[in-house]
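FYI, it's all coordinate maths here, none of it is from the lab. Computed from a predicted model, the values in this text were never measured in an experiment. Cβ placement follows ideal geometry from the backbone for every residue including glycine, while neighbour counts extend to all protein chains displayed.
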Amino acid sequence: MTILDEKMAKELLNNGGSHVVIPDFVTEIGENAFEDCEEMTSVVIPNSVEKIGEQAFCGCIELQSLVIPASVTEIGERAFLCCAQLKSVVIPDSVTEIGAYAFHCCFELTSITVDKNNPRYDSREDCNAIIETATNTLIQGCSSTIIPDTVTTIGDSAFKNCAGLTSMVIPNSVTKIEDYAFCSCQDLISITIPDSVTQFGECAFHGCPKISEESKKRLEELGYDFDEE
């Protein structure tokens, strides 16, 4: 087993500049390996890699292009947090563990696809989101997400800091919106929400300054309390 650590990451950056090619003897990209490598725009991850560690690419604000190979089984917490230029993500069928906030604050992210053969996650109906299949919980969305009518829970921070999200229709299947689900969606104006939603987590709509009075009123009718934010 060869873990790519911060020292090796620095050497690769020195040799490759903005375009990084990870050697094919690496089996794990270690915690914080490329954290805050602001100059990196693309990375090639070989088929030898089985794990992408916590915060491995966190803060790589210029990273635009990557392909997660079918060898990867685990993506750690905050692995791609604040990769502000990342536009698309494809999750292969090999991935069975995605840590919390793995793709949060990826402001340009508009395309999310999970391989149809993945046993744990899916992006059913081409919804541009990651859904935990067994629980029907949407764990990661983006500005182009359309929530399928089989989803029952909008997960913790699923749309947090989602730039460009101006409206959202929540289907009748949803009963719960968890903590910070739409927190800091600066562009959110309109949200259509059904009577089926009976549970709201902490600060689910905190920091949404443009949300319409009509949407606010509807949320309050269903029991959401803006005063407790």
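Listing for the model above:
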item	result
Residue in segment 1-40 that is nearest to Ser71 (Cα to Cα), counting only those that are in a helix (DSSP H, G or I) and among the charged types (D, E, K, R)	Glu6
Filtered residues of segment 67-116 (kept if in a strand (DSSP E or B), surrounded by fewer than 16 Cβ atoms within 10 Å (Cβ to Cβ) and either touching a Ser or Thr at 6+ places or on another chain (Cβ under 6 Å) or without any contact (Cβ under 8 Å) to a residue 24 or more places away in the chain (or both))	Val67, Val90, Ser111
Residue check, Pro148 in contact with a strand residue (DSSP E or B) (Cβ under 8 Å, 6 or more places away or on another chain), surrounded by fewer than 22 Cβ atoms within 10 Å (Cβ to Cβ) and not polar (S, T, N, Q)	yes
Test: residue in segment 135-142 that is exposed (fewer than 14 other Cβ atoms within 10 Å of the Cβ) and of a type outside the set (A, V, I, L, M)	yes
Segment 117-129, residues that are surrounded by 21 or more Cβ atoms within 10 Å (Cβ to Cβ) and within 10 Å of Val95 (Cβ to Cβ)	Tyr121
Filter result for the condition that a residue is among the acidic types (Asp, Glu) and over 27 Å from Gly99 (Cβ atoms), over Glu221, Glu132, Glu202	Glu221
Segment 192-212 residues that are more than 12 Å from Tyr224 (Cα to Cα), paired with ones that are of a type in the set (D, E, K, R) and surrounded by 14 or more Cβ atoms within 10 Å (Cβ to Cβ) (beta carbon under 7 Å, 6 or more apart)	Lys210/Asp187
Residues of segment 163-220 that turn out to be over 19 Å from Cys105 (Cβ atoms), outside any strand (DSSP E or B) and in contact with a Gly (Cβ under 8 Å, 6 or more places away or on another chain), as a count	1
